[in-house]
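Below is one structure; the comments refer to it alone.
The values are calculated or read from the model by the stated rules, or taken from the named source; none is laboratory data. A quick note: this is a predicted structure, and the numbers were derived from the prediction, not measured. Note: ideal-geometry Cβ built from the backbone for every residue, glycine included; neighbour counts use all protein chains shown. We work out accessible area using only protein heavy atoms, side chains counted, and drop any ligands, DNA or RNA first. Shrake-Rupley method; radii C 1.70, N 1.55, O 1.52, S 1.80 Å.
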Amino acid sequence: MNDHANAVDNVLYLHGFNSHPGSAKAELTRRACEQARPRPRFIAPALSHHPGPAWQTAQEAMGTLQGRTMVIGSSMGGFLAMGLARTHEVARVVLINPAVDPLKIALERMGSEIEHVETGEMFVIDESYADALREQQAEVVNTDRFLVLLGTEDEILDYRQALEMLEGSRFVINEGDDHGLSRYPELLPTVLAHGGLTLPEDFNPVP
């Protein structure tokens, strides 16, 4: 049974790189929060594909929230969530296949032209991406507040790197799952319980 006296008041969802607030996992989380008890405020800001403005937006969103907050970050959103855990009073953190070293990925993809999945905007990964990530990189802190969901067949990120860098976290290892983490819907009760929230037994993530 969850201790609702320590339940979070807010759930801040940070989507991944080249994603958007209406992504599948964001919407699943939104629906879960709507049915959770006690019911938290849910917020999922639109984050820029560029890590500089994305970090600014994440901080601004966090600054609007009163009370205890659980931050859920997917992929690049996980990197931003780790930053918030370092710079703000964050009660709980959930990381979904987090990008623990996005600078390495940016350097590998330097010069790549990418189409945004929602807007169709074309953008290029340039040195300013790497500069912003260098500024944001720092020691990971407060891992005792972290729940980390990992897929062992993540085709983008090596889950073993997260295991090493996030020592002290609570891990849920999903054998054979990929970067999209197809098991996420069935993990939602565990995710919300991390913030002291309870879902009804008949909760169905699919409307």
Margin query: For the stretch 125-139, check the following and say yes or no: at least one residue is touching a residue at least 40 places away in the same chain (Cβ under 8 Å) and assigned to a loop (DSSP other than H, G, I, E, B).
Written below: yes
Among strands (runs of 3 or more DSSP E) completely within the stretch 1-112, the ones holding 2 or more residues that are open to solvent by less than 70 Å² (accessible area, probe 1.4 Å) and polar (S, T, N, Q) are 69-74
If we ask which residues in the stretch 145-162 are open to solvent by 60 Å² or more (accessible area, probe 1.4 Å) and under 24 Å from T69 (Cα atoms), their number turns out to be 1
M82: passes all of (1) modelled with pLDDT under 95; (2) in contact with a Phe, Trp or Tyr (Cβ under 9 Å, 6 or more places away or on another chain); (3) within 27 Å of R170 (Cβ to Cβ) but (1)
Is it true that Q59 is more than 18 Å from P189 (Cα to Cα) and not hydroxyl-bearing (S, T, Y)? yes
Look at S112 and say whether it is farther than 25 Å from L166 by Cα and not β-branched (V, I, T). yes
Only one of (1) farther than 21 Å from T69 by Cα; (2) surrounded by 14 or more Cβ atoms within 10 Å (Cβ to Cβ) does not apply to E121, and that is (2)
The condition of being in contact with a strand residue (DSSP E or B) (Cβ under 9 Å, 6 or more places away or on another chain), more than 25 Å from L199 (Cβ to Cβ) and free of Cβ contacts under 8 Å to residues at least 60 places away in the same chain holds, among A54, A61, A26, only for A54
